[in-house]
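> Let me begin by handing over the structure; questions about it come next.
The values are calculated or read from the model by the stated rules, or taken from the named source; none is laboratory data. Keep in mind the model is a prediction, meaning the values are calculated, not measured. Here the Cβ positions follow ideal geometry from the backbone for every residue, glycine too, while neighbour counts run over all protein chains shown. Side chains are part of the model used for accessible areas, which takes the heavy atoms of the whole protein and leaves out ligands, DNA and RNA. Shrake-Rupley method; radii C 1.70, N 1.55, O 1.52, S 1.80 Å.
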Amino acid sequence: GLWQVLSVLVLAVLPGRVGAAGGLREHSIEPEDYFSIGVITDCALSADGALVAYTENRWEPPAEERNLDLWVVDRRTGTRRRLTFERGSDASPVWSPDTRSLAFTSYMRGYPYLYRMFPFENRQAQVLAGFLGINTSPAFSPDGRWVALTLSRDGNPEVYVLNLASGAFRRLTTY
């Protein structure tokens, strides 16, 4: 698509020498380097400032397509850990106030579902919202008991809050 064409054009023009792992390249950037360069987006700093969750868009063989996955990096040590491995892209991570969980949007089922994962616990990710249409933009309340989100349960995008204890949704807007 257009991004691939622009990426190849940028790679062909830039004389940069930094590699995907942050080290120096032994050659000028070539069009083939497109497959080793990651693009980082959607950063979220934990409440205590110790961790940053982010998405990284990278080429993933054998599917031979780019994919956005969630990663976490420790701000003090620089240690990175990949959190998602599914084929669908992930986006918009946000930390819970206690830094135990992350809410995020994932396209692993073909359209956007909202999930909550516990990166430091041996627990499965929870589906927070999986309605046909839009399930995006999670934001935790300061006490971590609620998540505000955008859903299109009835066809129109609306703002909802989700009570994490009961699983009940409450619509706040009507358009």
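> Tell me, what does the Kirkwood hydrodynamic radius of segment 82-175 come to in angstroms if you use every pair of distinct C-alpha atoms?
Details: mean 1/r = 0.0746 Å⁻¹.
Result for segment 82-175, one decimal place: 13.4 Å.
> Turning to a different aspect of this structure: Relative contact order for segment 70-175 using alpha-carbon pairs under 8 Å, separation at least 6, rounded to a whole percent? Let's see the in-between values first.
On the way: 233 pairs, mean separation 16.5, N = 106.
It comes to 16 percent, rounded to a whole number.
> Just want the answer: with Cβ charges of +1 for Lys and Arg and -1 for Asp and Glu, which residue in F85, P157, Y113 is farthest toward the dipole's positive end in segment 65-175?
Sorting the options by dipole projection puts first F85.
> Still on this structure: Sorting I29, I134, I40 by accessible area (1.4 Å probe), largest first, what list results? List each step's numbers first, then the result.
On the way: I29 25, I134 60, I40 100 Å².
My answer, sorted largest first, is I40, I134, I29.
> Continuing with the same structure: Given the Cα atoms of segment 30-99, and with Rh set as the inverse mean 1/r over their pairs in the Kirkwood sense, what is Rg to Rh to two decimals? Let's see the in-between values first.
Numbers: Rg = 13.3 Å, Rh = 12.9 Å.
Rounded to two decimals, Rg over Rh is 1.03.
> Here's another thing I want to ask about it. Evaluate E = 1/(1 + (r/R0)^6) for S36 and T173, where r is the Cβ-Cβ distance and R0 equals 41 Å; express this FRET efficiency to the nearest 0.05.
Working: r = 44 Å, r/R0 = 1.06.
Plugging the Cβ-Cβ distance into 1/(1 + (r/R0)^6) gives 0.40.
> Near T41, within a Cβ-to-Cβ distance under 14 Å, what is the net charge of the other residues, with Lys and Arg +1 and Asp and Glu -1?
Numbers: positive: R58, R66; negative: D42, E56, D69, D90.
Combined, the nearby Lys, Arg, Asp and Glu give -2.
> Continuing with the same structure: Counting other Cβ atoms within 10 Å of each Cβ, which GluC sites (Glu not before Pro) in segment 86-175 have at most 16 and sit in a DSSP loop? Before the final figure, lay out the partial values.
Working: sites: E86, E121, E158; in loops: E86, E121.
Within segment 86-175, the qualifying GluC sites (Glu not before Pro) (loop, at most 16 other Cβ atoms within 10 Å) are E86, E121.
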